[in-house]
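Structure, as structure tokens:
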Amino acid sequence: MTFDADIIIAGTGPAGLMTAEQAAARGLKTIVLEKRERVTDSLMGELVTDKALRFLRVKPSSEYIGNKYTRIIGESLDTGANIIVDRTHLGNSYLLDEDKCQELMRDRAISHGAEFRYRSRVSSVIKEDKQVVGLRYNKDDEVRGPLSVGADGSFSRVSETAGFTHPKWLLSYGYRFKLVGCKDIDPDTAYFYVGKDVGLGYLWLYPRSESEINLGIGRVPSSKHNWERLPPMRDVLRKYMKTHPETQNARIGSVNGGVVPCAGIIPRFTNAGVSLCGNAAGQVSSIVGGGVTTCFHAGIMLAKHAKRMADEGDYSSKSVGRYEKEYRSTKIANNISNTGKGMWAVSKFAMHNDPIAAAELVLGGKLDAKVLNELIQGHAGVSTIMTLVSEFLPMVMKISVGYMKSVAISGV
């Protein structure tokens, strides 16, 4: 059989781009299919820690970092109650310039010979003798290779047509404005907001400068009834703009959105000639919305195994499955699995209880900044967990100790 490439990748999110960059750098002939017109059309997460920068191989002082924060504030839009995590407790938190980072990975891949095909919407995998041997796109076009990678997001066509089984999806829907012309912005502070209009999720404000911010919202539908009671996410962002002086005269420079899986890693994401990566595989730390670092990690590992498969000439289910086996043994994968379980607990709790009331309890001073930061960064130890269990026993009994443990390890 004649192949067009050693590896074919569907999607140019952080997982797809990192896989492409790393695979091409290892000498694999790489073809990338993207349904949009350019890599920067897809939404990539922005708030990251040092680990993401190490995976991306960029310095904090480089042009790929849009900002660095010295404190993070969690606040209620309804009551104004808040928690401040300042430089004493906060690890390094950076705002990526997502467009430049996406272009960086694309250019690195191209410099090693990768080919990008835009406006190429994948429709299905190509199977022969129970093995995937390529991808069909734009209805009548196809490209063939011994390894096909589905990095095409939460509604992956590669996953669906390759026959992978997903759990009942729990998804977070995101919407973001890039605002210009803001005033009196503190560029050193990032904000997370909760509120009745937000629902199960949060609104975020990430300053890029003293006059530019990224204003977004992520929301998980706990039930159809609860979702339909909430105002549209775009309206929540516009309401924030109108009711806060720093954004009342701002202009929307661009709008973007995306969908992030919250149920954890799917039961299986490799088979003969095919593998999933990133959101398609559920490789996202759902409680903190952390997908960039986890996707970079998965793409690097997958590319390493793709090179091994090419050297061995073996793309059997067992051979491709070695990537999945190694991936599942990592700390990042363990964290993702636990946060997925935690998010299920949260969603079930929200079906019959008020998650905003629980958030208000936390913001009302029952949890200090040090403990909050331990939870966010994933450094909480047994003593912290036991303190939470004792002080929040009524809530813990409702949503289970397992949820609190999953929150405690959610940082990746």
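The values are calculated or read from the model by the stated rules, or taken from the named source; none is laboratory data. What you are looking at is a predicted structure, and each value in this text was computed from that prediction instead of being measured. All Cβ positions, glycine included, derive from the backbone under ideal geometry; neighbour counts span all protein chains shown.
Output the residues belonging to region 253-265 that are touching a Ser or Thr at 6+ places or on another chain (Cβ under 7 Å) and buried (at least 20 other Cβ atoms within 10 Å of the Cβ). Correct list: VAL260, PRO261, CYS262, GLY264, ILE265. Of the residues that make up region 164-171, is at least one assigned to a strand (DSSP E or B) and surrounded by 19 or more Cβ atoms within 10 Å (Cβ to Cβ)? Scanning region 164-171 turns up no residue that is assigned to a strand (DSSP E or B) and surrounded by 19 or more Cβ atoms within 10 Å (Cβ to Cβ).
Could you tell me which residue of region 18-40 is farthest from GLY282 (Cα to Cα), considering only residues that are touching a strand residue (DSSP E or B) at 6+ places or on another chain (Cβ under 8 Å) and part of a helix (DSSP H, G or I)?
Taking region 18-40 as the starting set, the residues that turn out to be touching a strand residue (DSSP E or B) at 6+ places or on another chain (Cβ under 8 Å) are 19-20, 23-24, 28-35, 39.
Still in the list and also part of a helix (DSSP H, G or I): 19-20, 23-24, 39.
Values: THR19: 16, ALA20: 19, ALA23: 21, ALA24: 24, VAL39: 21 Å.
Looking at the filtered set, the residue picked out is ALA24.
For region 302-321, the candidate set comprises residues that are part of a helix (DSSP H, G or I) and touching a helix residue (DSSP H, G or I) at 6+ places or on another chain (Cβ under 6 Å); within that set, the residue that is farthest from ILE9 (Cα to Cα) is SER319. In the set (1) under 30 Å from ALA23 (Cα atoms); (2) under 21 Å from the mean Cα position of the chain (by Cα); (3) of a type in the set (A, V, I, L, M); (4) crowded, with 18+ Cβ neighbours inside 10 Å, LEU147 fails one condition alone, (2).
If the condition is being under 30 Å from GLU142 (Cα atoms), without any contact (Cβ under 8 Å) to a residue 12 or more places away in the chain and assigned to a loop (DSSP other than H, G, I, E, B), then region 71-119 contributes no residue at all.
So which residues in region 199-213 are of a type outside the set (Gly, Ala, Ser) and at pLDDT below 90, if there are any at all? Within region 199-213, LEU200, TYR202 meet the criteria.
From the list LEU56, LEU17, which one is assigned by TED's automatic domain parsing to the domain that holds TYR315, within 16 Å of the chain's Cα centre (by Cα) and either free of Cβ contacts under 8 Å to residues at least 24 places away in the same chain or under 25 Å from ILE332 (Cα atoms) (or both)?
Numbers: LEU56 fails: assigned by TED's automatic domain parsing to the domain that holds TYR315.
Residue meeting the stated conditions: LEU17.
Residue by residue, here is whether (1) hydrophobic (A, V, I, L, M, F, W, C); (2) more than 24 Å from LYS239 (Cα to Cα) holds:
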position	(1), (2)
LEU47	yes, no
GLU63	no, yes
ILE73	yes, no
THR79	no, no
ASN82	no, no
ASP86	no, yes
ASN92	no, yes
ASP97	no, yes
LEU104	yes, yes
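Counting the residues of region 39-58 that are modelled with pLDDT of 90 or more and out of contact with any helix residue (DSSP H, G or I) (no Cβ under 7 Å at 6 or more places or on another chain) gives 4. For the structure I just gave you, tell me whether GLY134 is buried (at least 16 other Cβ atoms within 10 Å of the Cβ), at positive phi, among the small types (Gly, Ala, Ser) and under 24 Å from the mean Cα position of the chain (by Cα). No: the conditions fail for GLY134. Close contacts from region 211-228, counting a first residue that is touching a residue at least 24 places away in the same chain (Cβ under 8 Å) and farther than 15 Å from TYR175 by Cβ and a second that is outside any strand (DSSP E or B) and not hydrophobic (A, V, I, L, M, F, W, C), with Cβ to Cβ under 6 Å and a gap of 6+ residues or different chains, come to SER222/SER347.
Quick one: is ARG36 loosely packed, with under 15 Cβ neighbours inside 10 Å, touching a residue at least 12 places away in the same chain (Cβ under 8 Å) and either at negative phi or out of contact with any Lys or Arg (no Cβ under 8 Å at 6 or more places or on another chain) (or both)? Lay out the reasoning, then the answer.
Numbers: loosely packed, with under 15 Cβ neighbours inside 10 Å: yes; touching a residue at least 12 places away in the same chain (Cβ under 8 Å): yes; either at negative phi or out of contact with any Lys or Arg (no Cβ under 8 Å at 6 or more places or on another chain) (or both): yes.
For ARG36, the condition - loosely packed, with under 15 Cβ neighbours inside 10 Å, touching a residue at least 12 places away in the same chain (Cβ under 8 Å) and either at negative phi or out of contact with any Lys or Arg (no Cβ under 8 Å at 6 or more places or on another chain) (or both) - is met.
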